[in-house]
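The values are calculated or read from the model by the stated rules, or taken from the named source; none is laboratory data. No experiment lies behind these values; they were computed from the predicted model shown. Heads up, the Cβs are rebuilt from the backbone with ideal geometry, glycines too, and the neighbour counts pull from every protein chain shown.
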Amino acid sequence: MRQFLLFTLCLSLSAALSGCPDKRGDEPDDLSLGREHMLNRDFMEAEKSFERYLRVNTNGKYRWEAWNELVELALNVRHDRNAAIELLLAMRQEYETLLESGSVAADPAQTEQLRSHRRLILDRLAYQYEQSRHYEGALDLWGSLIKDPEAPPLQKAESLRNLARIYLRRLEFESSRDVLALCAEMEIPQSAKFECQYDLADLYMIMGDMDAGIRTLRGLLEQGNMDDDKRVLSIFMLADALEQQGNRESALGLFETIRFSYPNARVVETRIEYLKNSRKE
């Protein structure tokens, strides 16, 4: 696999490079074969076809599809995360080289598509780094997306949440809090803002800052147009925080409001029973 990736890179970085044979065939054939093999679940042959397509069609229109199919095969069929990371690194090099070469500068739409593809590659690579516990690499990649002036706000917000998750895994609570607070202040759709605020409230609970957690959750619940499922989760977390603070009556009232809507009804029933019994003591 490593030799194939290096050879593919050699082919695709520049048509002017010497020492790279520039073979060209009937472009759709290998791609069509790969698609057919995927439908037939003949994954080994599919992988060979997509690899061959990339090798032969150095400027092919469907390279993005072929690359991504290979990544999916590495992850979900061969369960080889290292191979997927190598593929993503090769993809990153190819798309960065195309952008740096300026060969598509005359076509703004194509340039923007390449930039979008590059951002998706960085995001996927960062996730695989995180899964491999290569946290520094993941932080660096998601950090670069946040700093990218052309990255869509929603992608930046998701990258901030990803950074916060890694900081939390490393027990860097203040760093996690800071990036989530930044995310919560972004000009993004309310549904995305909720995710940042909910993560922030959850983090406050982990940090033991119940007052900040309760403030954040109450602010969330005052917002309109919140998805019902998200509202239920927020109410449960708020009730839990109030109970931990000793405000059992308020907690009981909140638990009762989600008695029939919380995903695990038995959990809420248990909390209600406990709080009612504690009244009698």
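Overview of results
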read-out	value
Meets criteria (farther than 26 Å from Ala151 by Cβ and either touching a Leu at 6+ places or on another chain (Cβ under 9 Å) or of a type in the set (Asp, Glu) (or both)) for Asp202	no
Hits in segment 135-169 - residues which are in contact with a Leu (Cβ under 8 Å, 6 or more places away or on another chain), of a type in the set (A, V, I, L, M, F, W, C), closer than 16 Å to Arg119 by Cβ and in a helix (DSSP H, G or I)	Leu141, Trp142, Leu145, Ile146, Leu160, Leu163
Enumeration of residues in segment 46-77 that are surrounded by 15 or more Cβ atoms within 10 Å (Cβ to Cβ) and either more than 25 Å from Glu96 (Cβ to Cβ) or not assigned by TED's automatic domain parsing to the domain that holds Ala90 (or both)	Ala46, Lys48, Ser49
Qualifying position, being under 20 Å from Tyr204 (Cα atoms), at pLDDT 95 or above and not aromatic (Phe, Trp, Tyr), among Leu233, Leu254	Leu254
Output for segment 173-196, where each listed residue is loosely packed, with under 15 Cβ neighbours inside 10 Å and assigned to a helix (DSSP H, G or I)	Glu174, Gln190, Ser191
Qualifying residue in segment 231-239 (condition: of a type outside the set (Ser, Thr, Tyr), without any contact (Cβ under 8 Å) to a residue 12 or more places away in the chain and farther than 30 Å from Lys156 by Cβ)	no
Pick from segment 66-88, criterion part of a helix (DSSP H, G or I) and out of contact with any helix residue (DSSP H, G or I) (no Cβ under 7 Å at 6 or more places or on another chain), ranking: nearest to Leu120 (Cα to Cα)	Asn68
Residues (over 26 Å from the mean Cα position of the chain (by Cα), outside any loop (DSSP other than H, G, I, E, B) and of a type in the set (Asp, Glu)) located in segment 197-225	Asp211
Matching entry among Glu100, Glu96, Glu130 (being loosely packed, with under 14 Cβ neighbours inside 10 Å, part of a helix (DSSP H, G or I) and assigned by TED's automatic domain parsing to the domain that holds His79)	Glu100
Selection from segment 227-260 of residues that are surrounded by 17 or more Cβ atoms within 10 Å (Cβ to Cβ) and part of a loop (DSSP other than H, G, I, E, B)	Ile258
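To keep it simple, each residue is scored yes or no on (1) under 24 Å from Asp209 (Cα atoms); (2) of a type outside the set (Lys, Arg); (3) touching a residue at least 40 places away in the same chain (Cβ under 8 Å).
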| residue | (1), (2), (3) |
| --- | --- |
| Gln244 | yes, yes, no |
| Arg248 | yes, no, no |
| Phe260 | no, yes, no |
| Glu269 | no, yes, no |
| Asn277 | no, yes, no |
